[in-house]
1. Taking Ala63, is it without any contact (Cβ under 8 Å) to a residue 24 or more places away in the chain and either assigned to a strand (DSSP E or B) or open to solvent by 40 Å² or more (accessible area, probe 1.4 Å) (or both)?
2. Could you list, in sequence order, all residues of region 1-26 that are modelled with pLDDT under 60 and β-branched (Val, Ile, Thr)?
3. Name the pairs whose Cβ atoms lie under 8 Å apart, with the first residue in region 150-162 and farther than 18 Å from Gly94 by Cβ, the second modelled with pLDDT of 95 or more and basic (Lys, Arg), and 6 or more positions between them or separate chains?
4. Select the strands (runs of 3 or more DSSP E) contained entirely in region 79-183, then report the ones holding at least 3 residues which are over 19 Å from the mean Cα position of the chain (by Cα), of a type outside the set (Ser, Thr, Tyr) and more than 15 Å from Ile194 (Cα to Cα).
5. Please verify whether Leu105 is surrounded by fewer than 15 Cβ atoms within 10 Å (Cβ to Cβ) and either closer than 22 Å to Thr69 by Cβ or of a type in the set (Gly, Ala, Ser) (or both), treating the condition exactly as stated.
6. Among (1) assigned to a strand (DSSP E or B); (2) open to solvent by 80 Å² or more (accessible area, probe 1.4 Å), there is one condition Val75 misses while meeting the rest; what is its number?
7. Any idea which residue in region 38-60 is nearest to the chain's Cα centre (by Cα), counting only those that are surrounded by 11 or more Cβ atoms within 10 Å (Cβ to Cβ) and charged (D, E, K, R)?
8. I'd like the full set of residues that are closer than 19 Å to Arg178 by Cβ and out of contact with any Lys or Arg (no Cβ under 7 Å at 6 or more places or on another chain), limited to region 122-146.
Amino acid sequence: MTMSPVLADAAVDVVFPIEGQTLPRDYAQALQQALSEKLPWLDADPVAGIHPVKVVQGNDDQALLSRRTSLLLRVGAGRADELLALAKLELSVGGHLLRLSRPHLRELLAHTTLYAYRVAAESADELTFMAAVERELAEWSIGGERVCGKRQRMMVSGHALDTFSLMLHSLPPEQSLRLQQHGLGLHRLLGCGIFVPHRSAAAVGS
């Protein structure tokens, strides 16, 4: 795994309410491409990340969007005003139309328990993944208890990318904010390595 460079400013989440019905089940790369067309700076920004979008679970190629779903972009605070100025944004994500309504800002808060829906892995082996996690967290002096969860697979440029969900709990406030700002591992624009607060470790494997 490789961490992003030290951030020049704090990260924040910009929240866009979504008007739309469906997405491709494996939507991450198509969403990145659609957003990068509208926001040319996105691919080169070391801070930027695209949160996973909540969709209804299933096995069909087409996924229904959950009710009141939002699209969240984690960006450096210096980019927030530019995004907040966007009143309406239309995206074609693999042929599925999304309309993004006026966004609002959500600051990152220190929580003792953080959860990432997926963190990119070098292989499907959990022990190898957790060893890489331990090395990377040690580089940033981040402690806490680690709980590895469900392995998933996504397609990126025709190749399979293995990911695991991951929870950290018992984090001191400063370490919690540091992990949220820096993320963990690669592919943040595909929704990997982005941590959000969580109330319990119960859902880490779901």
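1. Judged against the criteria, Ala63 is not a match.
2. Thr2, Val6
3. Pairs found: Gln152/Arg118; Asp162/Arg151; Asp162/Arg153.
4. Numbers: elements: 89-93, 96-100, 104-107, 114-120, 145-156, 159-169.
Counting at least 3 such residues, we get 96-100.
5. Yes, satisfied.
6. (2)
7. Within region 38-60, the match that is nearest to the chain's Cα centre (by Cα) is Lys54.
8. Ala132, Glu134, Arg135, Glu136, Leu137, Ala138, Glu139, Ser141, Gly143, Gly144, Glu145, Arg146 - these are the residues of region 122-146 that are closer than 19 Å to Arg178 by Cβ and out of contact with any Lys or Arg (no Cβ under 7 Å at 6 or more places or on another chain).
The values are calculated or read from the model by the stated rules, or taken from the named source; none is laboratory data. Computed from a predicted structure; not experimentally measured. Cβ coordinates were reconstructed from backbone atoms using ideal geometry, including for glycine residues, and neighbour counts include every protein chain displayed. Protein only, heavy atoms only, side chains kept; ligands, DNA and RNA dropped before computing areas. Shrake-Rupley method; radii C 1.70, N 1.55, O 1.52, S 1.80 Å.
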